[in-house]
Amino acid sequence: SSSKILIKGGTVVNAHHQEIADVYVENGIIVAVKPNIKVGDDVTVLDATGKYVMPGGIDPHTHLAMEFMGTETIDDFFSGQAAALAGGTTMHIDFVIPVNGSLSAGFKAYERKAESSCMDYGFHMAITKWDEVVAEEMEIMVKEKGINSFKFFMAYKGSLMINDELLLEGFKRCKSFGALAMVHAENGDAVFEGQKRMIELGITGPEGHALSRPPMLEGEATSRAIRLASFVNVPLYVVHVMSIDAMEEIAKARKSGQRVIGEPVVSGLILDDSGLWAPDFVTAAKYVMSPPIRASGHNKALQAALSSGVLQLVGTDHCAFTSTQKSFGIDDFRKIPNGVNGIEERMHLVWHTMVESGKISLTDYVRLTSTECARIFNIYPRKGAILAGSDADIIILNPNSSFEITARSHHSRLDTNVFEGMKGKGKVEVTIAGGRIVWENDQLKVVPGSGKYIEMPPFSYLFDGIEKAEAKYLSSLHAPVKRFNSAT
Ligand code: URP
Ligand code: ZN
Ligand code: ZN
Ligand code: ZN
């Protein structure tokens, strides 16, 4: 039966260590990692000689079955996860969108959407408005529902955007529960102004989307979020870092010792805008996402920032809209649903761009695609490691066989692919999720309902010592300095 699996002779790569060893799996759990494991004949044996055995990818940023901009993403939990598994990702963290601002209603809706899951998943939650009910529901989400991260939108004026006052309130609430604050960092008011400018100039095509929200607006919001997080002393996670401007703000903050995490996504790491907006509406519209794909140079700088440790992990922001859905904005780029694919391509593209090119090591690859995500969201080493006792979410990657990306052959329901035609060496040949072989010989064997909800506990390592820093700040306020209002 396939509930017992032995992976023989591969190079087992973890974020902390690599060695040639066998991996033995029973009932969804890794039981042993050591050389020359002997087993009976009721065990499925996979030969991994000359190949890499690594923790399945964890995608920290996806939108499956998301209702957004008047439509719903074409990939739901089942199709998006099947695509993920075919590409070596075995867990993702999706963003619950509240229903009319209600977190509990949003959570219920996403519980339902996720019933068809064929791999493990967790949730972040977006905060889209603010009142006492929302503030109290945050606590319930953290203490009872397994959510330890909240995303605040500084963009999407008129729908998801919140102002600085609410951002600060949200940050403070996050700190009080040990939950991580995440930001979509673009200046939404300035984007609104940029969009008006484009329309006035008669630029209504997809290029207007990019021109209306230049890197400086991402840099400004990233800087503001970082400074506000510092002001109230909370760790901060910046999602989809797309520009040098944003990356440099993160670099500066980290250099000063601030706890800031930066997440680039594969589209931003790999693509640039050369030739993107030229051909025709449908071809161009598929690249529309926020923040937008930048000019050449930003992608290379983000890759370098990953190598040097300025950025810590890679996501996708998988948010799939078909050509028909993208065509809602044929006369006005502001109506093009924002989002691109990536959940299926991330593991191959990071391998190809970063490992094959010599920019990072094997252990770095595992850290950036899996382990660091598990650590940040406090589920390591259950996830993100090939260790005895960890969940059996494992990939076997053959460095000598090739991958090729096409909309024709991918497993997402999308009719397009922003990475169309990209190919290279290093292919995920086997994916094991929850102890099941779900991808082998280019065939998916996925079971709806087999994926589990992974609860994420609050207070990850990012919060260690935060109270000490807070106490130090408070005592500095009482230091014997002469103040205008103090009697001396
Ligand atoms: O264009 C994007 N990124 N769509 C998904 C929503 C978001 O902002 O992450
Ligand atoms: Zn070891
Ligand atoms: Zn976003
Ligand atoms: Zn997103």
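Could you order peptides 287-295, 195-203, 178-186 by the average number of other Cβ atoms within 10 Å of their residues, highest first?
Highest to lowest by the protection proxy: 178-186, 287-295, 195-203.
Once amide H atoms are placed 1.01 Å from N in the peptide plane, what residues at a sequence separation of 5 or more from Val96, or on another chain, have their amide H within under 5 Å of its amide H?
Residues meeting the amide H criterion: His124, Met125, Ala126.
Please find the FRET efficiency linking Ser256 to Glu200, where r is the Cβ-Cβ separation and R0 is fixed at 45 Å, and quote it to the nearest 0.05.
For Ser256 and Glu200, the calculated efficiency is 0.65.
By count of other Cβ within 10 Å, fewest leading, how are Ser176, Ser370 ordered?
With the fewest neighbours first, Ser176, Ser370 line up as Ser176, Ser370.
Between Ala278 and Ala304, take the C-beta separation as r, use R0 = 25 Å, and let me know the FRET efficiency to the nearest 0.05.
In this case the efficiency is close to 0.35.
What length, rounded to one decimal in nm, is gained on full extension from Leu168 through to Lys359, with 0.36 nm per residue of separation minus their alpha-carbon distance? Mind dumping the intermediate values first?
Details: separation 191, 0.36 × 191 = 68.76 nm, distance 3.75 nm.
Extra length from Leu168 to Lys359 when fully extended: 65.0 nm.
Mind listing the long-range amide H neighbours of Asp120? Cut-off is under 5 Å, sequence gap 5 or more, other chains count too, H placed in the peptide plane at 1.01 Å from N.
When sequence neighbours closer than 5 places are left aside, the close amide H contacts are Lys452.
List, in order, the whole-Hz ³J(HN,Hα) value for each residue of the range 206-223 obtained from phi through the Karplus relation with A = 6.51, B = -1.76, C = 1.60 and θ = phi - 60°; use x for Gly and Pro.
Per-residue couplings from phi come out as x, 5, x, 4, 5, 5, 7, 9, x, x, 4, 6, 6, x, 4, 5, 5, 4 Hz.
Quick query: amide H of Gly424 versus all other amide H atoms, modeled in the peptide plane; which residues come in under 5 Å with a sequence gap of 5 or more or a different chain?
Phe403
By counting other Cβ atoms within 10 Å of each Cβ, how are Glu137, Glu455 ranked from fewest to most?
Glu455, Glu137
Would you order His298, His240 from fewest to most other beta-carbon atoms within 10 Å of each residue's own beta-carbon?
Values: His298 26, His240 22.
Ranked by crowding around the Cβ, least crowded first: His240, His298.
Dipole of the chain, Cα-centred, from +1 at each Lys and Arg C-beta and -1 at each Asp and Glu C-beta, to the nearest 20 debye?
Its charge dipole is roughly 1100 debye.
Using 0.36 nm times the number of residues separating Ser176 and Ser323, minus their current alpha carbon distance, what extension gain do you get?
Residue separation times 0.36 nm, minus the Cα-Cα distance, leaves 48.6 nm.
For the chain, what's the relative contact order in percent, using C-alpha pairs closer than 8 Å and at least 6 residues apart?
Across the chain, relative contact order equals 21 percent.
Can you give me the Cα centroid spacing of the range 1-72 and the range 161-191 in angstrom?
So the separation of the two Cα centres works out to 36 Å.
Taking R0 as 45 Å, what's the FRET efficiency between Lys423 and Ala135 from their Cβ-Cβ distance, rounded to 0.05?
Step by step, r from the Cβ atoms, then E = 0.35.
Compare the Cα positions of Ser412, Val232, Cys118 along the charge dipole of the chain (+1 at Cβ of Lys, Arg; -1 at Cβ of Asp, Glu; about the Cα centre) and return the one farthest towards the positive end.
Going by the Cα projections, it comes out as Val232.
Read the figures in this text as sums done on the coordinates, not as results from a lab. Predicted model only: the values in this text are computed from it and were never measured. For neighbour counting, all protein chains shown are included, and Cβ atoms are generated from backbone atoms with ideal geometry for every residue, glycine included.
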